[in-house]
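> Can you keep this structure in mind? I'll have questions shortly.
Each value in this text was obtained by applying a stated rule to the coordinates, not by laboratory testing. Here the structure is a predicted model, which is why all the values come from computation and not from measurement. Methodologically, a virtual Cβ is constructed for each residue, glycine included, from the backbone with ideal geometry; neighbour enumeration extends over all protein chains shown.
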């Protein structure tokens with residue numbers, strides 16, 4: 001399957017002098033994409049988890065240059081992919097030295113299954129030397145196989161089949177279970193991935209010792225997807241401190257198991273002190289229908305926000321809305337510090353439009369207010385041409401994102 005990221009990564013690599021960092025969840029397709037790029041451009045793929053590749057990297061820059069033939073005259077720059085390099089304690093220093101010496105001779109792609117920004121703390125040694133792109137699971141727009149106009153925030157609506165929509169909703173956006181579309185395979189795949197994430201990735205790259213309790217927390221997050229995250233309640237249930245819960249959630253978020261969104265406020269400091277809502281990168285793990293629908297939309301919105309931010313199209317954010325008297329709307333997307341559009345999620349189009357959409361639109365000044373209905377049939381009309389609160393099909397709305 002051709003990912004929408006393939007073209008953009010090629011553009012980023014070959015039009016800019018900077019290295020490109022691509023991060024994203026385990027099994028989202030980073031390695032497959034990187035290997036294909038190496039094949040297309042006759043590049044070199046080095047994986048830190050491969051013992052031979054690790055030995056080559058540890059031997060030092062000179063040995064690596066000699067092994068890859070970079071000490072020979074070449075007509076074009078050479079593509080080099082470093083996969084999971086962040087597991088190397090001194091990866092920043094290695095990359096900095098390698099890039100500074102061979103910037104004119106190589107294109108460098110660095111991929112990782114943890115947030116690479118958490119591994120760059122402790123200095124600005126890579127400042128100005130890289131751009132970042134976050135790779136997400138498949139989405140409605142991506143499985144439509146229609147081209148993306150990377151110059152536009154909002155795409156034209158594209159229809160997909162009802163079967164494809166249901167397949168994505170049921171099996172999630174990770175390529176292998178989505179393509180297989182088999183319930184037994186999907187269950188085995190998800191169980192294995194969860195074990196590897198906690199018992200291998202997090203164990204090897206973090207200071208978390210209580211992995212069994214961390215696994216309990218991950219299951220708790222699944223059962224409470226989309227709910228306000230009560231740190232104190234979780235701490236009592238798992239019998240650890242509130243600070244431990246916060247730290248463990250940071251870790252799970254860093255490894256793309258979950259993501260948190262905070263309430264919208266014009267006072268950012270105030271917003272950050274309020275409790276977030278937590279969602280999963282893999283919505284198919286959520287069994288409750290209403291909660292899965294909300295997580296499904298949240299994941300699409302996050303993918304769009306990351307895409308717009310990574311491509312330098314502005315500063316975008318994903319939030320939720322809730323007042324002290326319990327007026328609420330599921331999501332708000334901000335653009336350059338101002339409210340842009342609101343989203344309320346409903347499973348059925350028969351549900352009355354949420355009156356809070358109009359109330360919050362008036363209070364925030366948002367340009368659009370959508371009630372996104374999962375079972376509403378596709379309509380080939382631009383949702384963003386409407387300014388007043390309106391019900392829209394999930395297929396139409398999501399196909400206009402990324």
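> Can you give the relative contact order of region 198-307 as a percent, counting alpha carbon pairs under 8 Å and 6+ residues apart?
26
> What is the angle, in °, between the Cα long axis of helix 289-310 and the longest principal axis of the Cα atoms in the chain? Nearest 10 is fine, range 0 to 90.
Taking the Cα atoms of the chain, the angle to 289-310 is about 50 degrees.
> Among 206-215, 280-289, 241-250, what's the highest-first ranking by average C-beta atoms within 10 angstrom per residue?
Taking the mean over residues of other Cβ atoms within 10 Å, the ranking is 280-289, 241-250, 206-215.
> Further question on the same structure: Rounded if a/c is under 1.5, else prolate if a/b beats b/c, else oblate: with a ≥ b ≥ c from the C-alpha gyration tensor eigenvalues square-rooted, which is region 78-199?
Note, shape of region 78-199 comes out oblate.
> Let me ask another. Order by neighbour count: 383, 38, fewest other Cβ atoms within 10 Å first, most last.
Ordered by Cβ neighbours within 10 Å, fewest first: 38, 383.
> A follow-up question, please. Would you kindly calculate the mean projected area, averaged across all directions, of the convex hull enclosing the Cα atoms of region 242-338, in square nanometres?
So the mean shadow area of the Cα hull is 7.2 nm².
> For region 160-184 and region 315-330, what is the separation of their Cα centres, given in Å?
30
> Still on this structure, I have one more. Considering Cα pairs under 8 angstrom that are at least six residues apart, work out the relative contact order of the chain and quote it in whole percent.
Taking the mean separation of contacting Cα pairs over the length of the chain, I get 15 percent.
> Ok, one more. On the Cα set of region 254-402, report Rg and Dmax in Å, please.
14.6, 41
> For the chain, what is the Kirkwood hydrodynamic radius in Å, using each pair of distinct C-alpha atoms?
The answer is 22.5 Å.
> Could you order peptides 329-340, 143-154 by the average number of other Cβ atoms within 10 Å of their residues, highest first?
329-340, 143-154
> Rounded to the nearest Å, what's the spacing between the alpha carbon centres of region 335-402 and region 187-212? Just the number, please.
Their Cα centres are 37 Å away from one another.
> Also, quick follow-up: Hey, what angle do you get for helix 183-196 against the long axis of the chain, alpha-carbon based, 0 to 90 degrees rounded to 10?
With both axes taken from Cα atoms, the answer is about 60 degrees.
> Another question, if that's okay. Shape verdict for region 4-134, please, from the Cα gyration tensor: rounded (a/c under 1.5), prolate (a/b greater than b/c) or oblate.
Taking the square roots of the gyration eigenvalues as a ≥ b ≥ c, region 4-134 is rounded.
> What does the highest-first list of 3-10, 46-53 look like by mean Cβ count within 10 Å?
Highest mean packing first, the order is 3-10, 46-53.
> Another one. Starting from the Cα gyration tensor of region 331-402, take the square roots of the eigenvalues, sort them a ≥ b ≥ c, and report rounded, prolate or oblate (rounded when a/c is under 1.5, otherwise prolate if a/b is larger than b/c, else oblate).
Oblate shape, in that a/c is at least 1.5 and b/c is the bigger or equal ratio.
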